[in-house]
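Down below is the structure, laid out as C-alpha cells.
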Amino acid sequence: MPSTPAEDRVDGRDARWAAHRSSRRAELVRAARRAVHHRGPDLSMDDLAAEIGTSKSIVYRYFSDKSGLQGAVGAAVIEDLRGALGEVSERVTRPRDRIAAMVDVYLGIVESSAGVYAFVTQPEATATAGALRGFVAEIEDIVAEALLPVLRHGGGAASEDHALAALWGAGVVGHVRSVAERWIAARGLTPENPADARAEDGAPAVEGGIATLDRAALAAHITDWLWTGAMGVARRSRNASTRTETDDAIGDPS
C-alpha cells in the first residue's frame, strides 16, 4: 500500500532528526576528546560540559552518563587504531616486520594522547569495556594471521597451527598493552627530566629509566622480546658486547 504525503513528511522529519542527532553526537565526542587531551582524564562531567561549551544536561541528552561518553570516545579511538592496524597489515608482509609495525602503531596511538587513552580504559569506563574486549579480540586475530606463516614452517597440523597462532596473538597483544601502559604511567610520574629521577637510595629510579625510552626504542625492544624471546635478546646482547670489545681492541694501538 503506497504511503500518503503526510506519512512521507513524518518519515522525512524523522530521518532529518536522526541525522542531526548523529551529527551532534559525533561533534560532542570530538569535543570531549579534545578536552580530555588538553586537560587530562580525570575531568568531571561538569568540567567536560564546560570545556565542550555546553550544559551537562545537553551532554546527558546524548550520553546517559559519563560511562556512556567514555564508551563513545573509546569507540572513536578504537576506530582510529583499527584503521591504522589494517593499513599496516596490508602494507607490510614479512611476519616480524608486521609485528614491529603493529607495535609502533599501538604505541603511537597511546603516546599521541595518554590522557585520552587513560580516559577510555579507566575501570569505571564500563561502556567501553565491551567494545574494548571485542577490539582486543580483533587485534589478536590480525596478529595471529601475521604469525600463522611462521608456525606453518614447523610442519604441524593446520588446526594446531591456527590454535597456537591464536594463543600467540593473545600473548602479543597482552604484552604490548601492559608494556605501553607501564611506559605511559612512568612518563606521568617522573619529573620533566626523567633522567634526574632518583630512588630513595640515590640510584636512578626504575620508572625514570622507563620514562627515558622513546617510542622507537621501546618499539624495537618489544619486537625483540616478542620475536626472539629472552634467550634471543640475551644472545644479541652478548654478540653486541663482543663486537664492542673487538672494535676497542682493534682501535687500541698498544
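Taking every residue in the range 168-190 that is open to solvent by less than 50 Å² (accessible area, probe 1.4 Å) and pairing it with any residue that is among the basic types (K, R), at least 6 positions away or on another chain, the pairs with Cβ-Cβ distances below 9 Å are W183/R215.
Going residue by residue through the range 5-12, is there one that turns out to be surrounded by 11 or more Cβ atoms within 10 Å (Cβ to Cβ) and at pLDDT 85 or above? No; the residues of the range 5-12 include none that is surrounded by 11 or more Cβ atoms within 10 Å (Cβ to Cβ) and at pLDDT 85 or above. Of all the residues in the range 38-52, those that are in a helix (DSSP H, G or I), under 26 Å from the mean Cα position of the chain (by Cα), surrounded by fewer than 17 Cβ atoms within 10 Å (Cβ to Cβ) and not charged (D, E, K, R) number 2. Only helices (runs of 4 or more DSSP H) whose full extent lies in the range 55-132 are considered here, and the ones with at least 2 residues that are within 14 Å of the chain's Cα centre (by Cα) and modelled with pLDDT of 85 or more are 66-91, 95-112, 114-121. Scanning the range 87-110 for residues that are open to solvent by 10 Å² or more (accessible area, probe 1.4 Å) and within 20 Å of V120 (Cβ to Cβ) gives M102, V105, Y106, G108, I109. Among the residues making up the range 201-227, those that are at pLDDT 55 or above and out of contact with any helix residue (DSSP H, G or I) (no Cβ under 7 Å at 6 or more places or on another chain) are A205, V206, G209, D214, A216, A217, A220, H221. Condition test on F135, is it assigned to a helix (DSSP H, G or I), of a type in the set (F, W, Y), under 18 Å from A32 (Cα atoms) and open to solvent by less than 30 Å² (accessible area, probe 1.4 Å)? Against the criterion (assigned to a helix (DSSP H, G or I), of a type in the set (F, W, Y), under 18 Å from A32 (Cα atoms) and open to solvent by less than 30 Å² (accessible area, probe 1.4 Å)), F135 does not qualify.
The values are calculated or read from the model by the stated rules, or taken from the named source; none is laboratory data. Fair warning: this is a prediction, and the values are worked out from it, not measured in the lab. Positions of Cβ are generated from backbone atoms using ideal geometry, with glycine treated the same way; all protein chains shown enter the neighbour counts. Note: areas computed on protein heavy atoms with side chains; ligands, DNA, RNA excluded. Shrake-Rupley method; radii C 1.70, N 1.55, O 1.52, S 1.80 Å.
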